[in-house]
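Below is one structure; the comments refer to it alone.
The values are calculated or read from the model by the stated rules, or taken from the named source; none is laboratory data. In this text, all values refer to a predicted model and were calculated from it rather than measured experimentally. In this analysis, Cβ positions are derived from the backbone assuming ideal geometry, glycine residues included, and neighbour counts consider all displayed protein chains.
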Amino acid sequence: MTTPGPLRSGGRSRFGVFEFDDRTLELTRDGRVVPLRLQPLKLLALLLAQPGELVSRDDLRRALWDDDTFVDFEQGLNHAIRELRAALGDAADSPRFVQTLPRRGYRFIAPAHSLALPDDSPASPAETSPTPAPAAALTTQPHSTIGAGLGWMMTGTFVVVVLGIAYALFSGGVAGGSPASGALAVRPFESPADPALGLGLANAISARLGGQQVVSVRSVRGDARDWPAGVTHALDGEVAMNGPEVEVVARLRDRAGTTVWSERIHMRSDELFSLENVIAERVAGALRMRLAAAEQDRLRRRYTANAEAYADYLRGRAALVKYTPEGTLAAIRAFDAALQRDPTYALARAGLAMACADMYLRFAGPADVERWGQRAEEEARAALELDVDLPEAHLARAAVARKREFDWSATLVEGRRALMLNPNLEQARFFTAAAYYHHGYMEEALIEMEKGRSLHGLDVVDPVRIDALVALFSGQFAPARAKLEEVSRLSSQPIGDTYLALAYYYSGSLERGRTMLESLAGSRSAATAARAEAALAAVLGAEHALDAARGHIDRVLALGYRDHHVAYSLGTAYGQVGDRDAAYRWLRIAADTGFPCLPFFERDPLLDPLRHQTEFVDLLAYVRARRAAVLSAEHS
């Protein structure tokens, strides 16, 4: 095992769970390579070369950019700092690694130690390859009773089987004994009796394993031919129920299609708890040298002792990512059923909070919208009270901040906390991306979206939607239109059709955009109806139908639902009908309540009647200030 020593340049260093080789500019976390561009890696090398000391911005500029390189240095350095912090799970407002000294530079503040080079002190086999438990031990001594055990077969047996595979991948036990450095894909298990269980299982396994720094794990929806980049092995299998008997088949394949591990397990459903306990204890023992104490605790933790509750939870997770009113209500019913069986089931409570937040923002009618919003807040709070260290609970709180409160600072904080506990939560990346594009930081939004999409989770709608809205709010209306059409095909009207109607309008299909907005204004979704009415008012004003535009403005003001997008469209509508004071007032409200999206304010054609006025310059300054106030810590 390598031994820490005084920090030195020209070698490897360790800080926290990270190691960095300044010869190869490679950053790893518990043996896994952390993907980063060259500039953030060079930046890290410079900071580590002078730990605890100020490295000035001028020194960084000279080291990172040649004199004949023409770039916006301030923007480039800020972007490199943000990327580095994101990779380290660090925060500017409460730094653990990189401290900002305003207007001066940066300082690396974490303890860092040099590591002996590989040929200095080779590790002994006992140090690097712990002996796994005998395979025969995995099927012995079952004796507990749990009733209908399908749910716990999934959460227990399969999770620890995958952990055993993860151990094998990283201790040289697969593919001829050479350690793997890739990722494990977990495909939905085939479950003919209840397909939703197999689909939810893949996501649940990935979420559980994501908190263990043993192997990078991806949930993959495609068939066996679908191999995401970086994945070296894939796990799949089948579940069959035959009365009281259960047959489980699990297989591990490599990229060549070779089966490197498989096992068929026959058991009675009422024997599964004991089997889970035996496997969990053996795998935890084998991985003990790889896991911190907190990770060992999470590995052994049971979130519920009720098999039926867990099965309901899996159904809820599978339904939640459909982005339809029917799917969201099905998820709520499933999570509610799980909580009726086990009121202390924190994972189900967190899932319910996320579903209620979706109902509030996407699907609820005027009479119910506040009820769903309040319930989302209550359920997220309850999930955190049940388990403050549960990553899904922090993800639920981020969902409420993002979809109910439009509190982007809280969205970023809670999303970061969720990712620190489980870096495989793709939706935390998507929530962070939403915070960025609402403030006009488009490149950052796309970076976060791609990080989330690279995890290949069940959510296939949100990354497309984020890509589309970045294009729309950047003034790229034709690409936005094509991407929003895809969102519409993948989900339902409330997810993106108001934006699609505007994309039609901006890209020249005026009548098609107006007609779609007229249809959406009659939606049963309170949010969709209000946003469509406000946008329709602006479009009609631009077409010089001033009386009709004022009528729609009055209808929006009479509605109960209002958010930053409604406020923004009211501002553009008032500008089109000539009421400048009201226009600027509502546009400022939009910036205050969650939409200081500077690029869109600068490029939106519906703001053209205001654009050449002195007050518009003041408005842009106000939006710029609001933008900086909310995310200043992220961009310092």
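What the table shows:
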quantity	calculated
Output for region 490-501, where each listed residue is assigned to a helix (DSSP H, G or I) and under 14 Å from R465 (Cβ atoms)	L490, Q493, P494, I495, G496, D497, T498, Y499, L500
Unmet criterion (only one of (1) at pLDDT below 80; (2) assigned to a loop (DSSP other than H, G, I, E, B)) for H79	(2)
Residue that is farthest from A401 (Cα to Cα) [pool: residues in region 336-345 that are surrounded by fewer than 22 Cβ atoms within 10 Å (Cβ to Cβ) and touching an Asp or Glu at 6+ places or on another chain (Cβ under 7 Å)]	R341
Output for region 91-102, where each listed residue is modelled with pLDDT under 80 and either touching a Cys at 6+ places or on another chain (Cβ under 6 Å) or of a type in the set (D, E, K, R) (or both)	D93
Pairs with Cβ under 6 Å, 6+ apart, first in region 4-22 and assigned by TED's automatic domain parsing to the domain that holds L47, second part of a strand (DSSP E or B) and modelled with pLDDT under 75	R12/L115; R14/L115
Of residues in region 503-526 being in a helix (DSSP H, G or I) and among the hydroxyl-bearing types (S, T, Y), the one surrounded by the most Cβ atoms within 10 Å (Cβ to Cβ)	Y505
Search result, residues across region 430-475 that are among the acidic types (D, E) and in contact with a Phe, Trp or Tyr (Cβ under 6 Å, 6 or more places away or on another chain)	E444, D462
Within region 595-614, considering residues that are over 25 Å from A478 (Cβ atoms) and either among the hydroxyl-bearing types (S, T, Y) or modelled with pLDDT of 95 or more (or both), the one surrounded by the most Cβ atoms within 10 Å (Cβ to Cβ)	P596
Residue check for A478: in a helix (DSSP H, G or I) and out of contact with any Pro (no Cβ under 7 Å at 6 or more places or on another chain)	yes
Meets criteria (out of contact with any Gly (no Cβ under 7 Å at 6 or more places or on another chain) and farther than 28 Å from A433 by Cβ) for A542	yes
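Conditions tested, residue by residue: (1) surrounded by 18 or more Cβ atoms within 10 Å (Cβ to Cβ); (2) assigned to a helix (DSSP H, G or I); (3) of a type in the set (D, E, K, R).
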residue: R362; (1), (2), (3): yes, yes, yes
residue: A367; (1), (2), (3): no, no, no
residue: Q374; (1), (2), (3): no, yes, no
residue: E379; (1), (2), (3): yes, yes, yes
residue: A383; (1), (2), (3): yes, yes, no
residue: L395; (1), (2), (3): yes, yes, no
residue: A398; (1), (2), (3): yes, yes, no
residue: R402; (1), (2), (3): yes, yes, yes
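Residues checked against (1) of a type in the set (A, V, I, L, M, F, W, C); (2) within 23 Å of H564 (Cα to Cα); (3) not assigned by TED's automatic domain parsing to the domain that holds M359:
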site	(1), (2), (3)
S454	no, no, yes
D459	no, no, yes
V470	yes, yes, yes
A482	yes, no, yes
